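Shown next, in structure tokens, is the structure this report addresses.
The values are calculated or read from the model by the stated rules, or taken from the named source; none is laboratory data. None of the values given here were measured: they were computed from a predicted structure. Please note: Cβ atoms are built from the backbone with ideal geometry, for glycine as well, and neighbour counts cover all protein chains shown. Calculation scope for accessible area: heavy atoms of the full protein, side chains included, ligands and nucleic acids excluded. Shrake-Rupley method; radii C 1.70, N 1.55, O 1.52, S 1.80 Å.
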Amino acid sequence: MIRLRGLYKTFEGKNQVHALRGIDLDIPKGQVFGVIGQSGAGKSTLVRCINLLERPTSGQIWVDDTEVTSLSSRQLRSARKRMGMIFQHFNLLSSRTAAGNIAYPLELAGADKTETKTRVEEMLKLVGLEDKAHAYPAQLSGGQKQRVGIARALANEPQVLLCDEATSALDPETTKSVLQLLKEINQQMGLTIVLITHEMPVIQEICDMVAVLEHGIIQEEGRVIDVFTKPKSQATRRMLQDTMEVRIPPDLLQRPEKSNGDCRRILKLSFVGPGAHEPLISDMVKRHPVNANILFGRIDQMKDIPFGMLLLEISGEADLVDQAVNYLQSQDVEVEVFQDV
């Protein structure tokens, strides 16, 4: 659906800034694709290059088999009708009502009044703002403003929706409701959504795939569940360290070895999919009589895929502990030994 090849963007000036450095990226049709990175990573530049609000210094961009980087100004205006965009700070026209803001792109496209009125009513219903048609932006909450922004972006029936930090200005509860709306739009319309954010929970909530951007370079990409549970790059690990990394308290690792000669191991178990809900530890203890102590545990979800982590201490006779670890490794679970004493 969207292909980026050899994309570079350099901002000239007193201090030259290389915002994008050779981006190659494929965004499948109908998916919610997230791009995550810290401030200054190049995320907003990347999404604005897709519809050429920022023209890349070099490289090619295809949207639905059309190379938009080779289009004339007139052709580009036509192509942009297939690409809606929503922004962090809404960018609504303060002098127009909610209905007037949604109607604006239709008027620019030359739609007649009857068609425009019908489409505006459809969009207001879609975003749940039928009763706010005549309200001005100053009379709307942040979440309502963003819903108007979404309705306006969808007015011309685009194939692609570009979201540039669309929830960063919203509180957590409103963010969740806007993400739910975007998820429903994706499912109902088959719309391809490109979502730019620096917030891990946003990617976790809605995205199918993700690319991690740092210093204008894609560090890794893939399914969200794979990238976040098995990170390959240091950039991803740094973003995960405050939300998903298991930190073992030092005093736990300093607990004395058992005097009777038994051994003790501390393991990190990672589950993905249905296995996150299975009674694995109970089964292990039944099969191999060791002592098991859960030190830390969490079960979460990435879109529709459950995942879990356990920090587990097992102790007992050395042979039995070995058998218990082997049993865990034979199951659909990743086992990492943190401590072996």
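Within segment 2-30, being touching a residue at least 24 places away in the same chain (Cβ under 8 Å) and either at positive phi or crowded, with 18+ Cβ neighbours inside 10 Å (or both) holds for 2, 4, 6, 7, 9, 19, 20, 22, 23, 25, 27, 30.
Here residue 38 fulfils each of the conditions (1) in contact (Cβ under 8 Å) with a residue 60 or more places away in the chain; (2) farther than 22 Å from residue 214 by Cβ; (3) open to solvent by 40 Å² or more (accessible area, probe 1.4 Å) apart from (2).
When segment 36-48 is examined, which residues are found to be among the aliphatic types (A, V, I, L, M) and closer than 16 Å to residue 238 by Cβ? If the condition is that a residue be among the aliphatic types (A, V, I, L, M) and closer than 16 Å to residue 238 by Cβ, then 36, 41 are the ones that fit. Quick one: would you say residue 314 is at pLDDT below 90 and more than 25 Å from residue 204 (Cα to Cα)? Against the criterion (at pLDDT below 90 and more than 25 Å from residue 204 (Cα to Cα)), residue 314 does not qualify.
A single entry from 249, 256 fulfils the requirement of being within 32 Å of the chain's Cα centre (by Cα), modelled with pLDDT under 85 and either of a type outside the set (A, V, I, L, M, F, W, C) or open to solvent by 60 Å² or more (accessible area, probe 1.4 Å) (or both): 249.
Here's the yes/no breakdown for (1) more than 20 Å from residue 170 (Cα to Cα); (2) in contact (Cβ under 8 Å) with a residue 24 or more places away in the chain:
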position: 51; (1), (2): yes, yes
position: 85; (1), (2): no, yes
position: 131; (1), (2): yes, no
position: 136; (1), (2): no, yes
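When you scan segment 199-220, do you find a residue that is of a type in the set (Val, Ile, Thr) and open to solvent by 10 Å² or more (accessible area, probe 1.4 Å), even just one? The answer is yes; a qualifying residue exists. Only one of the listed residues (108, 93) is out of contact with any Lys or Arg (no Cβ under 8 Å at 6 or more places or on another chain), touching a residue at least 24 places away in the same chain (Cβ under 8 Å) and hydrophobic (A, V, I, L, M, F, W, C). That residue is 93. Evaluate the following for residue 150: is it of a type in the set (A, V, I, L, M, F, W, C) and surrounded by 20 or more Cβ atoms within 10 Å (Cβ to Cβ)? Judged against the criteria, residue 150 is a match. Looking only at residues in segment 314-341 that are polar (S, T, N, Q) and in a strand (DSSP E or B), the one that is farthest from residue 183 (Cα to Cα) is 315.
Of all the residues in segment 49-76, those that are open to solvent by 50 Å² or more (accessible area, probe 1.4 Å) and on the phi > 0 side of the Ramachandran plot number 2. Scanning segment 82-118 for residues that are part of a loop (DSSP other than H, G, I, E, B) and hydrophobic (A, V, I, L, M, F, W, C), we see that the one that is surrounded by the most Cβ atoms within 10 Å (Cβ to Cβ) is 92. With respect to being surrounded by 15 or more Cβ atoms within 10 Å (Cβ to Cβ) and either in a helix (DSSP H, G or I) or without any contact (Cβ under 8 Å) to a residue 60 or more places away in the chain (or both), residue 46 fits the description.
Residues checked against (1) among the aliphatic types (A, V, I, L, M); (2) assigned to a strand (DSSP E or B); (3) surrounded by 15 or more Cβ atoms within 10 Å (Cβ to Cβ):
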{"site": "264", "(1), (2), (3)": "no, yes, yes"}
{"site": "267", "(1), (2), (3)": "yes, yes, yes"}
{"site": "271", "(1), (2), (3)": "no, yes, yes"}
{"site": "283", "(1), (2), (3)": "no, no, no"}
{"site": "286", "(1), (2), (3)": "no, no, no"}
{"site": "289", "(1), (2), (3)": "no, no, no"}
{"site": "294", "(1), (2), (3)": "yes, yes, no"}
{"site": "299", "(1), (2), (3)": "yes, yes, no"}
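Out of 196, 203, one residue alone is in contact (Cβ under 8 Å) with a residue 60 or more places away in the chain, within 25 Å of residue 11 (Cα to Cα) and in contact with a Ser or Thr (Cβ under 8 Å, 6 or more places away or on another chain). It is 196. Does residue 79 meet the test of being assigned to a loop (DSSP other than H, G, I, E, B) and either under 19 Å from residue 174 (Cα atoms) or open to solvent by less than 50 Å² (accessible area, probe 1.4 Å) (or both)? So residue 79 does not fit the description; no. Say whether the condition of being assigned to a helix (DSSP H, G or I), surrounded by 15 or more Cβ atoms within 10 Å (Cβ to Cβ) and touching a residue at least 40 places away in the same chain (Cβ under 8 Å) is met by at least one residue in segment 302-313. No: segment 302-313 contains no residue that is assigned to a helix (DSSP H, G or I), surrounded by 15 or more Cβ atoms within 10 Å (Cβ to Cβ) and touching a residue at least 40 places away in the same chain (Cβ under 8 Å).
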